[in-house]
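Each reported figure results from applying straightforward, stated rules to the coordinates on display, with no laboratory input. Every value quoted in this text rests on a predicted model; they were computed, and no experiment measured them. Cβ atoms come from the backbone with ideal geometry, glycine included; neighbour counts cover every protein chain shown.
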Amino acid sequence: MYVKLIRRFSVSLAALGAFYFLMVHTKIGLAMRAAAQDVEIALTQGIDAHKIYRWSFFVAVFLAALAGALYGQIYAVSPFMGERPLFVAFIVVILGGMGSTSVQRSSAGSTQG
């Protein structure tokens with residue numbers, strides 16, 4: 001039992017370390033951070049934004065797949081296994097968006113007709 005937990009923990013720690021190394025010590029990571037700050041400035045510096053978006057998508061999908069694989073080893077796999085975390089994330093997004101001024105402006109504009 002504990003061997004499996006230690007193995008999962010070490011896999012997740014290795015993935016976290018690889019992600020940190022990618023973001024801090026590579027040109028792709030530097031370009032991702034630059035594009036995240038300001039796309040227009042990154043474009044003027046010669047960074048191909050579409051390439052960076054593809055890399056970001058690939059990294060996100062890989063990490064999500066790894067998380068799903070590790071999660072599936074601990075809990076029973078079913079079509080509804082992500083229902084509760086999805087519901088909590090939806091509530092967080094809705095409540096977080098309520099304090100945004102752009103959301104307030106758009107909702108006020110839609111009620112004015």
ask   = Once you sort the root eigenvalues of the Cα gyration tensor of region 1-93 as a ≥ b ≥ c, which label holds: rounded (a/c under 1.5), prolate (a/b larger than b/c) or oblate (the other case)?
value = oblate
request  = Find, among the chymotrypsin sites (Phe, Trp or Tyr not before Pro) in region 1-75, those assigned to loop by DSSP (not H, G, I, E, B) with at most 16 other beta-carbon atoms within 10 angstrom.
outcome  = TYR75
request  = Any chance you could run the full-extension gain for SER12 through HIS50? It's 0.36 nm times the residue separation minus the Cα-Cα distance, nm to one decimal.
outcome  = 10.8 nm
remark   = Between the modelled labels at ALA67 and ASP38 (7 Å from Cα along Cα→Cβ) the distance in nm is 3.0 nm
